[in-house]
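Report on one structure; see the data block that follows.
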Amino acid sequence: VLVGLLAISLVGWIVGSMALMMAMRGAGPGAWIRLVLGGTLGLIMAAIMVRVIGSWLGAGRYTRWMRPVFLLTDWIIEPIARRLPPMGVLDLSPFVAYLGLMLLRSLVSGLFR
């Protein structure tokens, strides 16, 4: 069942990506910049979510499938974690990073309209 759901999701993603590329054929450079930056920021935001959920499940930095996630997110989470005051066992740096990326994505989207 899980493999079937993954296959359906993969096919949906491929079809959606193809439709998006067809729609972007006549788009100007601003639309392409918005698409690339939005996709990049979305990927980093998804990696932050995987990092948080992985930490809840005990998957650390050196777990093979978590290494790329930490590689994608350390550049933004680590500086925030150094500046935030300690909150006991609660680490708010991924939350702050996620909010910052959401703000950046909305700013970038507004700039290239």
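Quick one: helix 2-23 against the long Cα principal axis of the chain, what's the angle to the nearest 10°, folded into 0 to 90? The angle comes out near 50 degrees.
Computed with every protein chain present, the accessible area of M18 is close to 120 Å² [probe 1.4 Å]. Working note: Karplus 6.51/-1.76/1.60 with θ = phi - 60° gives the stretch 78-87 the couplings 4, x, 5, 5, 5, 8, 6, x, x, 10 Hz, where Gly and Pro are set to x.
If you run the Gaussian network model on the chain, springs between alpha carbon atoms under 10 Å, then out of V52, V15, V36 the most flexible one is V15. Protein heavy-atom accessible surface, 1.4 Å probe, per residue over the chain: 73 Å². The angle between the Cα long axis of helix 29-56 and the main principal axis of the chain comes to about 30°, on a 0 to 90 degree scale.
Applied to the stretch 91-96, the Karplus parametrisation 6.51 cos²θ - 1.76 cosθ + 1.60 on θ = phi - 60° returns per-residue 3J(HN,Hα) values of 10, 8, 4, x, 5, 5 Hz, with x for Gly and Pro. Under the simplified labelling scheme, the R64-A46 pair shows an inter-label distance of 2.2 nm, with each label point 7 Å from Cα along Cα→Cβ. Its DSSP H runs of at least 4 residues, each contributing -39,500 (n - 2.57), put the calculated 222 nm mean residue ellipticity of the chain at -26500 deg cm²/dmol, to the nearest 500. Karplus-derived 3J(HN,Hα) values for the stretch 105-111, using 6.51 cos²θ - 1.76 cosθ + 1.60 with θ = phi - 60°, are 5, 5, 5, 5, 5, x, 6 Hz; glycine and proline are entered as x.
Dividing the C-alpha radius of gyration of the stretch 1-65 by 2.2 N^0.38 Å, with N its residue count, gives 1.50. The candidates S109, S9, arranged from most to least accessible area with a 1.4 Å probe in the full protein assembly, appear as S9, S109.
Out of the total accessible area of the chain (probe 1.4 Å, heavy atoms of protein only), what percent is carbon and sulfur? Exposed carbon and sulfur together represent 75 percent of the surface.
Sorted largest first, the principal axis extents computed over the alpha-carbon atoms of the chain equal 51, 42, 17 Å.
The values are calculated or read from the model by the stated rules, or taken from the named source; none is laboratory data. Only a predicted model underlies this, so the values are computations on that prediction, with no experimental measurement involved. Neighbour counts are summed over all protein chains in view; Cβ atoms, including those assigned to glycine, are modelled from backbone coordinates with ideal geometry. To get the accessible areas, we keep the full protein, side chains included, count just its heavy atoms, and leave off ligands, DNA and RNA. Shrake-Rupley method; radii C 1.70, N 1.55, O 1.52, S 1.80 Å.
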